[in-house]
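All of the numbers you see were taken from the coordinates with simple rules; none came from a lab. From a predicted model like this one, the values you see are computed outputs, not experimental measurements. No Cβ is skipped: glycine too gets one built from the backbone with ideal geometry, and neighbour counts run over all protein chains shown.
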Amino acid sequence: MNLNLRNAIIHNVSGNSQDELRDTIVDAIQNGEEKMLPGLGVLFEIIWNNASEEERQEMLQALESGLK
């Protein structure tokens, strides 16, 4: 992923409230457009980097469960 794209995505959502972030995520998922995937990836990267090991394990369990 281009670093400029990552920075642009972060810039676009910086300062958003939790409700705004939720709306962004839900909208990206519901639209199902491929062009939204990099943005979701950047948001997940931020979540992952700020999560505790326990939270990461919970995310991995949810992901594994969702892929079954």
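List of remarks:
- The one condition in (1) over 22 Å from L63 (Cβ atoms); (2) touching a Gly at 6+ places or on another chain (Cβ under 8 Å) that A28 fails to fulfil: (1)
- Flag if I10 is surrounded by 13 or more Cβ atoms within 10 Å (Cβ to Cβ), among the β-branched types (V, I, T), in a helix (DSSP H, G or I) and under 14 Å from the mean Cα position of the chain (by Cα): yes
- Lone unmet requirement of (1) part of a helix (DSSP H, G or I); (2) surrounded by fewer than 12 Cβ atoms within 10 Å (Cβ to Cβ); (3) not polar (S, T, N, Q) for G15: (1)
- Subset of segment 30-44 (residues that are in a helix (DSSP H, G or I) and without any contact (Cβ under 8 Å) to a residue 24 or more places away in the chain): Q30, N31, E34, K35, M36, L37, L40, F44
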